[in-house]
Amino acid sequence: MHNSLVRWSKELVEKRLLILVTGGFAATVVTCWVTELADPPFSLQQVCIDTFIIMLVGAFTVHWTRKLLQRIRHLEGRMVICPACKHVKVDEEWVTIEQVMGRSTDVTLADRVCPDCAKMLSSPYRL
């Protein structure tokens with residue numbers, strides 16, 4: 001139940017964020033029109049060009065905000081991992097963690113031995 005509440009809460013935050021971004025661009029368009037109407041001479045051509053540019057930038061911003069939110073949701077999602085071979089289930093395919101990281105991020109993996117394993121490897125009685 002707790003996970004469903006957290007997921008619902010995150011979805012609500014995402015929707016609110018997109019509404020705020022869209023509302024901000026809508027307010028900018030309204031401000032553009034009000035400013036043009038209040039400052040004679042009125043130029044319909046200029047206000048339409050300004051509106052088009054604002055809407056284009058707004059659409060670009062909303063699109064990339066949605067893509068980034070989807071990516072965050074994917075990266076925060078639960079991974080199914082095999083305890084024996086450490087392969088990860090992606091959709092219906094089992095792949096290595098390196099393949100998962102290569103697909104979904106720009107991260108490159110580097111091998112490092114953790115402190116616990118370093119102690120175990122340096123111990124004369126290691127198994």
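The values are calculated or read from the model by the stated rules, or taken from the named source; none is laboratory data. In this text, all values refer to a predicted model and were calculated from it rather than measured experimentally. Cβ atoms come from the backbone with ideal geometry, glycine included; neighbour counts cover every protein chain shown.
Here is a yes/no grid of residues against (1) among the charged types (D, E, K, R); (2) farther than 15 Å from residue 76 by Cβ; (3) at pLDDT 85 or above:
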| residue | (1), (2), (3) |
| --- | --- |
| 10 | yes, no, no |
| 14 | yes, no, yes |
| 28 | no, yes, yes |
| 35 | no, yes, yes |
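Residue by residue, here is whether (1) in a helix (DSSP H, G or I); (2) of a type in the set (A, V, I, L, M, F, W, C) holds:
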residue: 17; (1), (2): yes, yes
residue: 22; (1), (2): yes, no
residue: 27; (1), (2): yes, yes
residue: 30; (1), (2): yes, yes
residue: 42; (1), (2): no, yes
residue: 51; (1), (2): yes, no
residue: 55; (1), (2): yes, yes
residue: 58; (1), (2): yes, no
residue: 70; (1), (2): yes, no
Say whether the condition of being closer than 25 Å to residue 25 by Cα, surrounded by 11 or more Cβ atoms within 10 Å (Cβ to Cβ), β-branched (Val, Ile, Thr) and modelled with pLDDT of 90 or more is met by at least one residue in region 70-80. no
Scanning region 81-95 residue by residue, those modelled with pLDDT under 80 and part of a strand (DSSP E or B) turn out to be 90
